[in-house]
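> Below is a structure I'd like to ask you about.
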Amino acid sequence: MSNRQEKLVVIGNGMAGVRTVEEILKKDPNKYDVTIFGKEPHPNYNRISLSSVLQGDTGIDDIVLNTYEWYEENNITLYTADPVVDIDTTKQTVTSEKNVTISYDKLIIATGSNPFMLPLPGADKEGVIAFRDIEDCETMINASEKYKRAVVIGGGLLGLEAARGLINLNMETDVIHLEEYLMERQLDDTAGTMLREELESQGMRFHMKKQTEQIVGKDRVEGVHFKDGSKLYADLVVMAVGIKPNIGLAQTAGLETNRAIVVNDYLEASASNVYAVGECAEHNGIAYGLVAPLYEQAKVLADQLCNEKSEASYTGSLMYTQLKVSGVDVFSAGDFQSGEGKKAVRVHDEFEGVYKKVMVKDDKVVGSVLFGDTSDSPRLLDMMKKQEDISGMSKAVLLPSEEADSTESPVLSMAPDETICGCNGVSKEAIVQAIEQDGLSSVEEIKKHTNASRSCGGCKPLVADLLQATLGDESSISQVEPLCGCTSLSHEQVQEDIRNRQLTHPREVMNVLGWENEEGCSKCRPAINYYLGVVHPETYEDDDLSRFVNERMHANIQNDGTYSVVPRMYGGVTNSDQLRKIANVADKYDVPMLKLTGGQRIDMLGVNKEDLPNMWSDLDMPSGHAYGKAIRTVKTCVGEDFCRFGTQDSIGLGIAIEKKFERLNTPHKVKMAVSACPRNCAESGIKDIGIVGVEGAWEMYVGGNGGVDLRPGDLLAKVETSDEVLEIISAFLQYYREDAHYLERTSHWVDRVGLEHVRSTIIDNMDNRKYYAEQMEVALENKPADPWESLTHNENKRKELFERKAVELV
Amino acid sequence: MDTLQGKKEIYILDYKDLRANVPREILIGDQSIAIFLTHDGDVHAIENKCPHKGGPLSQGIVSGEYVFCPLHDWKINVIDGKAQAPDEGCVTTYETVIKDGSVYIMY
Ligand SMILES: Cc1cc2nc3c(=O)[nH]c(=O)nc-3n(C[C@H](O)[C@H](O)[C@H](O)COP(=O)(O)OP(=O)(O)OC[C@H]3O[C@@H](n4cnc5c(N)ncnc54)[C@H](O)[C@@H]3O)c2cc1C
Ligand code: HEM
Ligand code: SF4
Ligand code: FES
């Protein structure tokens, strides 16, 4: 045994290369002096998780698999951002771009793939990219800040994951696909069509059977032209049409290549002491494009390199995939197409949106497609891997979840040796053992100890279930008040998920967050609609079908089904013109009652719905929003102009406030008032925001309520100028809009979060105050126009909402 | 009285004018009827009067095959007209027919 460590050089600091090194270190940490060259300026990261980064579920920092410290601790010399440019297989040396030349005893090539770029005219324009590495991901995220329209070419796994991510980044996203249905390499037409419908309901747009002809634009892409003459605007084009093994280097070194570097069962390339693993290797005519095969290769190669008498050999892998788009469960494995000598077991439940197909040949499972419910996938994969004879089995054995109690986790019925984490080949018993022997108590720990769920993350729910089952019910989960009967999530959780997972559409929210009732109900739909509008003020299109009757009809429904009309009178100030108009309209439409409201304006009660649009147009006054979860009124007192006690211009300020914030949606109604002295004629003490003038200053009260739960407002601040008043109202209202639950009045909200908390957030902290005030400006810029005006001019809506069509009895 | 023979087929509106989740109100004489297009493309017609206190169901929020009354949020099935638990009651339903793009009601 010589003392000299053998030199191992790895080209490619990616998933396969580094995994091989990890496997070698596990077997014999001192055998090799390891050097790794990587082209990218990063340590080894989880490429698979780029999809999650793009979809906003994880940050770039969270996907690093091996930190720089790991390389150091294991005495690995790492050259990043320095690709190898030459291999000399006779001298056994490699040379990098920055001119590092070192010799090797063993060489592993793990250069992965390059994305395949369609050679279209214009494909070199700025804004045309692939989806392969951190850089691509960053380009997309940056583009989404400046641009609006993205086109993804390719409706396969990668394309769909990219499209989902771009939608989450608020880009209008169109997916172009050459074939008739999506993911044709992994799905049959039934599953492909179901997938398309599901994704369409999440807001993705598809153009099927379309061939791209040209990418147009000046320097940057501006559009895409298709063979059939149609066009799409685009300021970002993502090509996701396939990968090409990265073998240029191997070819110049004279290694035998075909589609990829040809290797034998020991992963040896055609020169001695040279090996290849990963996507750049071709075994038995197959170059794999998924991690599970690469990991199997890594294991075999590590054994070969560590044991002289190794008997490990690689015989090929079963291919299977899972789509990583939140809210969509798709699984595909093996040979799933119908054909000679094959028979299928199918379950197709159109109510639940579930489709399962298991292909059987010579009494063995050879392939499967699962859509909507993939809980049977571990079982099926296991049968495929072991080539179990199923002739004596019933359907329940093939698809256990069809029989099982649906509330029970599928891990419970799995055999100990069944694989839970497919990417890393970790069995149920291995995880249970690790939990018990190493005292693990979290999925994160299991990941570190066993590699399970470390790659694509698809098995995380199973791992979590197994953890729970193994530990028993000791860990009691705290119960939260659900938003409504359709979900177990609370208001907070839904708000948080909409923000963090960048959900943009009501359907997407219900889908992704697993709504039990996919249509939602009258409680959750208005809430979701409100939350989405607050999170995406510039892009979200209000869903008026999710609004309560009053907010859809823009009038208050009364107990007899008639409506009331309250025009806006800023600050409770009116004039003879307005009064004449109101009187005329009241006569013309036979309004049964005119009443002064508590909010200092006039209510016309008892109006038939079909009269509403015409009345609005005759009135020609803005809507008072007396019906909305919105800014209602700003009551004012007479103030300094006339009152002998007045210290300030309460009417002026009240009108300024009302004009600034009118038509703004809020979690619940918001009533305000401005009085010009502490006698408080406008009742500022029981308003959501009440302003009271004192000598040389304004006092601002918040959280007051004159309704069921009578509550005096709390003094939030005392300021000198009306500009400050407006700024603090902006910050307060915006913080309330973002933080409160839907249908939570300021009084309850202030009680819940505490006045001190509100004060420290928007009064004491000037940066925060500015931040919320700025966010408010964005919201105000995107406020809808006056609804009465727009509804009277919308023929369709007039018909749909206000018509009572008399039909003739013939 | 309720026999099929006794009923007439009355044209109410064009199929293309209906949108899923957007109910429409029609009047036959004094009788107000709410018309719903469900996601599966079927048209349903029910009496436009909530069994609770007569709320106009044509103005409610529609979720799938249910409409929520605009007055006190009762949940009514638009296909069979039944109020959902815990509430009890039902509204009259009417058969509809779609022919050549026109919707008819059996009345
Ligand atoms: C967005 C996305 C999602 C994916 N999702 C899944 C999934 O869900 N499931 C799944 O199984 N697979 C998935 N894949 C595929 C999976 O990531 C790859 O199969 C895997 O990363 C391949 O590993 P590799 O080591 O062969 O190649 P890579 O991980 O690409 O590593 C190769 C490395 O070598 C570097 N390199 C290239 N040439 C040189 C050179 N001359 N010198 C030095 N370094 C060089 C490259 O820059 C790269 O860093 C996904 C891929 C992407 C892009
Ligand atoms: C369906 C139920 C209700 C309807 C349709 C309704 C309608 C109205 C309308 C139209 C106004 C006039 C607002 C304006 O001028 O802008 C008003 C004012 C008011 N409502 Fe209601 N209301 C309802 C329920 C309640 C309840 C339950 C409370 C108390 C708990 C309440 C308390 C008030 C108060 C205090 C005012 C005066 C507001 C002010 O002075 O600014 N209302 N209501
Ligand atoms: S609040 Fe004071 S200033 Fe205003 S009207 Fe009443 S008494 Fe006059
Ligand atoms: S009238 Fe319909 S719920 Fe009360």
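> Taking θ as phi - 60°, what are the ³J(HN,Hα) couplings along the stretch A:628-640 by the Karplus curve (6.51, -1.76, 1.60), each to the nearest whole Hz, with x for Gly and Pro?
x, 7, 6, 5, 8, 10, 10, 6, 9, 9, 5, x, 4
> Here's another thing I want to ask about it. Select from A:49, A:503, A:276 the residue farthest towards the positive end of the dipole of chain A; place +1 on Cβ of Lys and Arg, -1 on Cβ of Asp and Glu, and compute about the Cα centre.
Ranked along the dipole, the leading option is A:503.
> Right, another one. Between residue A:590 and residue A:265, what is the label-point separation in nm under the 7 Å Cα-to-beta-carbon projection?
Distance between label points: 9.5 nm.
> List the pairs from A:146/A:523; A:669/A:783; A:210/A:797; A:27/A:364; A:106/A:447 whose alpha-carbon separation is above 27 Å, in the order I gave them. Show your work: numbers first, answer last.
Working: A:146/A:523 36 Å; A:669/A:783 16 Å; A:210/A:797 35 Å; A:27/A:364 35 Å; A:106/A:447 30 Å.
In this structure, A:146/A:523; A:210/A:797; A:27/A:364; A:106/A:447 lie more than 27 Å apart at Cα.
> For the stretch A:486-524, list whatever residues lose no less than 20 Å² of accessible surface once every protein chain is in place, relative to that chain by itself, with the probe at 1.4 Å.
A:519, A:521, A:522
> Let me ask something else about it. Post the alpha-carbon centroid distance, the stretch A:769-810 to the stretch A:189-257, in whole angstrom.
Distance between centres, Cα-based: 38 Å.
> Here's another thing I want to ask about it. Near residue A:128, within a Cβ-to-Cβ distance under 15 Å, what is the net charge of the other residues, with Lys and Arg +1 and Asp and Glu -1?
Numbers: positive: A:125, A:132, A:149, A:218, A:220; negative: A:124, A:126, A:135, A:136, A:174, A:213, A:219, A:222, A:235.
Residues near residue A:128 contribute -4 overall.
> Now for a different question. Over the stretch A:718-810, with the other protein chains present, what is the accessible area per residue in square angstrom, probe 1.4 angstrom? Let's see the in-between values first.
Values: 4650 Å² over 93 residues.
Heavy-atom accessible area per residue stands at 50 Å².
> Measure nothing but the geometry: give the 0 to 90° angle between the long axis through the Cα atoms of A:157-168 and the longest principal axis through the Cα atoms of chain A, rounded to 10°.
20
> How much length would be gained if the chain were fully extended between residue A:771 and residue A:500, taking 0.36 nm per residue of separation minus their Cα-Cα distance, in nm to one decimal?
Working: separation 271, 0.36 × 271 = 97.56 nm, distance 1.87 nm.
Length gained between residue A:771 and residue A:500: 95.7 nm.
> Compare each residue of the stretch B:50-66 in its chain alone against the assembly with all protein chains, and report those whose accessible area goes down by 40 Å² or more; 1.4 Å probe, heavy atoms.
SASA drop of 40 Å² or more in the stretch B:50-66: B:59, B:61, B:63.
> While we're here: Efficiency by 1/(1 + (r/R0)^6): what FRET value for residue A:346 and residue A:781, r their Cβ-Cβ distance, R0 = 56 Å, to the nearest 0.05?
Values: r = 53 Å, r/R0 = 0.94.
According to the calculation, E is roughly 0.60.
> So, one more: Over chain A, what is the mean sequence separation of C-alpha contacts under 8 Å (at least six apart), divided by residue count, expressed as relative contact order in percent? Provide the component values of the computation, followed by the final result.
Working: 1592 pairs, mean separation 58.1, N = 810.
Relative contact order, chain A: 7 percent.
> Next up: Residues in the stretch A:515-538 near a label at residue A:752, defined as backbone nitrogen under 15 Å from the 7 Å Cα→Cβ point?
Once the point is set 7 Å along Cα→Cβ of residue A:752, A:524, A:527-528, A:530-531 turn out to lie under 15 Å by backbone N, inside the stretch A:515-538.
> Under the definition of Cα pairs under 8 Å and six or more residues apart, what whole-number percent is the relative contact order of the stretch A:527-665? Let's see the in-between values first.
Numbers: 190 pairs, mean separation 33.6, N = 139.
About 24 percent, as a whole number.
> Sticking with this structure for a sec: What are the residues whose amide H is under 5 Å from the amide H of residue A:114, where those residues sit 5 or more places off or on another chain and H is modelled from the backbone?
Long-range HN contacts for residue A:114: A:244, A:246.
> Keeping all protein chains in place, calculate the accessible area per residue for the stretch A:1-92 (probe 1.4 angstrom), answer in Å². Working shown, then result.
Working: 4360 Å² over 92 residues.
Roughly 47 Å² per residue, with all protein chains present.
> Please give the helix A:189-201 orientation as an angle from the longest Cα principal axis of chain A, in degrees from 0 to 90, rounded to the nearest 10.
30
> Starting at the first residue of the stretch B:72-80, write each ³J(HN,Hα) from the Karplus equation 6.51 cos²θ - 1.76 cosθ + 1.60 with θ = phi - 60°, in whole Hz, x for Gly and Pro.
For the stretch B:72-80, the Karplus-derived couplings read 9, 6, 5, 10, 10, 6, 7, 8, 9 Hz, x marking Gly and Pro.
> As an exercise, use a Förster radius of 30 Å and the Cβ-Cβ distance of residue A:148 and residue A:798 to find the FRET efficiency, rounded to the nearest 0.05. Mind showing how you got there, number by number?
On the way: r = 31 Å, r/R0 = 1.04.
So the FRET efficiency works out to roughly 0.45.
> Separate question: Do you know the relative contact order of chain B, to the nearest whole percent, from alpha carbon pairs under 8 angstrom that are 6+ apart? Don't skip to the end; give the middle numbers.
On the way: 224 pairs, mean separation 29.0, N = 107.
RCO, chain B: 27 percent.
> Taking the alpha-carbon centroid of each part, what is the distance from the stretch A:293-318 to the stretch B:82-97 in angstrom?
Cα centres, the stretch A:293-318 to the stretch B:82-97: 67 Å.
> So what's the net charge close to residue B:27: Lys and Arg +1, Asp and Glu -1, counting the other residues with Cβ under 13 Å from its Cβ?
Values: positive: A:609, A:804, A:805, B:24, B:49; negative: A:610, A:803, A:808, B:25, B:30, B:47.
Neighbourhood net charge equals -1.
> Using R₀ = 35 Å, calculate the FRET efficiency as 1/(1 + (r/R₀)^6) where r is the Cβ-Cβ separation of residue B:16 and residue A:393; round to 0.05.
Values: r = 51 Å, r/R0 = 1.46.
The formula returns an efficiency of 0.10 here.
> What is the local net charge at residue A:563, summed over the other residues whose Cβ is closer than 11 Å to its Cβ (Lys, Arg +1; Asp, Glu -1)? Could you put the intermediate results ahead of the total?
Details: positive: A:609; negative: A:560, A:603, A:610, A:611.
Once all neighbours under 11 Å are counted, the net charge is -3.
> Could you tell me which Cys residues in chain B have no other cysteine's Cβ under 4.7 Å from their own Cβ, answering none if every one has a partner?
B:90
> Now for a separate question. Angle between the Cα long axis of helix A:377-386 and the longest principal axis of chain A, 0 to 90 degrees, nearest 10?
Computed tilt is about 10 degrees.
> Right, here's the next one. Quick one: length gained pulling residue A:362 to residue A:445 fully straight, 0.36 nm per residue minus the C-alpha distance?
On the way: separation 83, 0.36 × 83 = 29.88 nm, distance 4.18 nm.
Here the answer is 25.7 nm.
> Taking the solvent-accessible surface of protein heavy atoms with a 1.4 Å probe, what is the per residue accessible area of the stretch A:459-601 in Å²? Don't skip to the end; give the middle numbers.
Values: 6860 Å² over 143 residues.
Per residue, the stretch A:459-601 has 48 Å² of solvent-accessible surface.
> Return the sequence-ordered ³J(HN,Hα) values of the stretch B:51-60 in whole Hz as given by the Karplus equation 6.51 cos²θ - 1.76 cosθ + 1.60 applied to θ = phi - 60°, using x for Gly and Pro.
Once rounded to whole Hz, the list reads x, 6, 10, x, x, x, 5, 5, 10, x.
> Do the sum for the protein assembly as shown: with -39,500 (n - 2.57) for every DSSP H run of n ≥ 4, divided by all residues, what is the mean residue ellipticity at 222 nm, to the nearest 500 deg cm²/dmol?
Details: 25 runs with 247 residues, N = 917.
Helix contribution divided over all residues of the protein assembly as shown: -8000 deg cm²/dmol.
> Then there's this: For the stretch A:763-810, which residues drop by 20 square angstrom or more in accessible area between the chain on its own and all protein chains together (1.4 Å probe)?
A:799, A:800, A:803, A:804, A:805, A:807, A:809, A:810
> Straight-line reach from residue A:581: which aspartates and glutamates fall under 19 Å, measuring Cα to Cα and dropping same-chain residues less than 8 apart?
By straight Cα distance, residue A:581 reaches A:590, A:603, A:611, A:618, A:620, A:786, A:789.
> Taking a probe of 1.4 Å and counting only protein heavy atoms, give the total accessible area buried between chains B and A in Å², rounded to the nearest 100.
Summing both sides, the interface buries roughly 2500 Å².
> Assign unit charges at the C-beta atoms only (+1 for Lys and Arg, -1 for Asp and Glu), then state the dipole size of the protein assembly as shown relative to its Cα centre in Debye, rounded to the nearest 20.
1460
> Shifting gears a bit: Pop a pseudo-label 7 angstrom from the Cα along the beta-carbon direction at both residue A:62 and residue A:438 and give the gap in nm to one decimal.
2.1
> In nm, give the distance between the simple-model label positions of residue A:544 and residue A:575, each being 7 Å from the Cα along the Cα-to-Cβ direction.
So the label points at residue A:544 and residue A:575 sit 3.0 nm apart.
> Given a 1.4 angstrom probe, I'd like the percentage of the accessible area of the protein assembly as shown that is carbon and sulfur, rounded to a whole number.
Numbers: 18840 of 41130 Å².
Percent of accessible area from carbon and sulfur atoms in the protein assembly as shown: 46.
The values are calculated or read from the model by the stated rules, or taken from the named source; none is laboratory data. Note that the coordinates shown come from a computational prediction; the quantities given were computed from them, not determined experimentally. FYI the Cβ positions are ideal-geometry reconstructions off the backbone, even for glycines, and counts take in every protein chain you see. Surface accessibility is based on the protein's heavy atoms, side chains included, excluding ligands, DNA and RNA. Shrake-Rupley method; radii C 1.70, N 1.55, O 1.52, S 1.80 Å.
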